[in-house]
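The values are calculated or read from the model by the stated rules, or taken from the named source; none is laboratory data. The structure displayed is predicted, hence computed values, not measured ones. Cβ coordinates were reconstructed from backbone atoms using ideal geometry, including for glycine residues, and neighbour counts include every protein chain displayed. The protein model used for the area step is the full one, side chains on, heavy atoms only, and it has no ligands, DNA or RNA in it. Shrake-Rupley method; radii C 1.70, N 1.55, O 1.52, S 1.80 Å.
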Amino acid sequence: IVNSSQGSFAYNIAVFIILFITLLFANFAEAIAEARGKAQADSLRKTREETPARLCVGNKIETVSSSQLKKGDIFICEAGDTIPSDGEIIEGLASIDESAITGESAPVIREAGGDKSSVTGGTKVLSDQIKVKVTTEPGESFLDKMIALVEGASRQKTPNEIASVSYTHLRAHETP
């Protein structure tokens, strides 16, 4: 007499193989996503650290690293430059490519004195020249916040994973 309430052996093997392959692909996809996130954070960090800034000191202009800029410093950007830090335009008008941040492919016009005078570090000046006053302290810029978000991002556990961990934890603390 064969007990068929549990399904045939071939059916059980097929279900096992399908579930096993699904688990492998899920882990593989998660590993790829994690690697891409780390690469993106490294890219943002590199942009923040390696962007040169032309700092205005009195009547002189010094080239420094963007990581050395602090709130209140004034720098100049021309066409082709990457904006080194978040700030407010105090002189000039420029066309700026913000696609790295907004995803919008059309450039925007930013000018001194208007409600569209703020610029974000990591964006690119496409035309003209602007003088910008830094409005954020080191470590508080938009790029710094993006790096923290990308590094801190983690996949949420499924209800089954949470239940499995809870059950294992309970079993480990049971007294015989």
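Annotation: of all residues in the range 100-117 being under 23 Å from the mean Cα position of the chain (by Cα) and loosely packed, with under 13 Cβ neighbours inside 10 Å, the one that is farthest from ASP144 (Cα to Cα) is ALA106.
Take the residues in the range 5-30 that are open to solvent by 60 Å² or more (accessible area, probe 1.4 Å) and of a type in the set (Gly, Ala, Ser), then tell me which one is nearest to VAL64 (Cα to Cα). Show your work before the answer.
Step one: filter the range 5-30 for residues open to solvent by 60 Å² or more (accessible area, probe 1.4 Å), giving 5-6, 8-13, 16-25, 27-28, 30.
Next, from what is left, pick out any that are of a type in the set (Gly, Ala, Ser): 5, 8, 10.
Values: SER5: 75, SER8: 72, ALA10: 69 Å.
Among those residues, the one meeting the criterion is ALA10.
A count restricted to the range 43-60 and to residues that are open to solvent by 30 Å² or more (accessible area, probe 1.4 Å) and of a type in the set (A, V, I, L, M, F, W, C) stands at 3. For the range 61-85, the tally of residues that are open to solvent by less than 30 Å² (accessible area, probe 1.4 Å), not aliphatic (A, V, I, L, M) and not in a loop (DSSP other than H, G, I, E, B) stands at 3.
If the requirement is being outside any loop (DSSP other than H, G, I, E, B) and modelled with pLDDT of 85 or more, which of these qualifies: THR47, THR22? Can you show your working first?
Values: THR47 fails: modelled with pLDDT of 85 or more.
On inspection, the qualifying residue turns out to be THR22.
For the range 100-124, give me the residue count where each residue is outside any loop (DSSP other than H, G, I, E, B) and touching a residue at least 12 places away in the same chain (Cβ under 8 Å).
Within the range 100-124, the subset outside any loop (DSSP other than H, G, I, E, B) is 100-102, 108-111, 118-119, 124.
Checking the rest, the ones that are also touching a residue at least 12 places away in the same chain (Cβ under 8 Å) come to 100-101, 108-111, 118-119, 124.
Total satisfying the criteria: 9.
Look through the range 59-91, keep the residues that are polar (S, T, N, Q) and in contact with a helix residue (DSSP H, G or I) (Cβ under 6 Å, 6 or more places away or on another chain), and return whichever of them is modelled with the lowest pLDDT. Going through the qualifying residues, I end up with SER67. Of all the criteria given as (1) within 27 Å of ALA148 (Cβ to Cβ); (2) touching a Ser or Thr at 6+ places or on another chain (Cβ under 9 Å); (3) hydroxyl-bearing (Ser, Thr, Tyr), the one not satisfied by SER43 is (2). Exactly one residue out of LYS157, LYS133 is modelled with pLDDT of 75 or more and either open to solvent by 90 Å² or more (accessible area, probe 1.4 Å) or of a type outside the set (Asp, Glu) (or both): that is LYS133.
Scanning the range 58-99 for residues that are among the basic types (Lys, Arg) and more than 14 Å from ASP144 (Cβ to Cβ) yields a single hit, LYS60.
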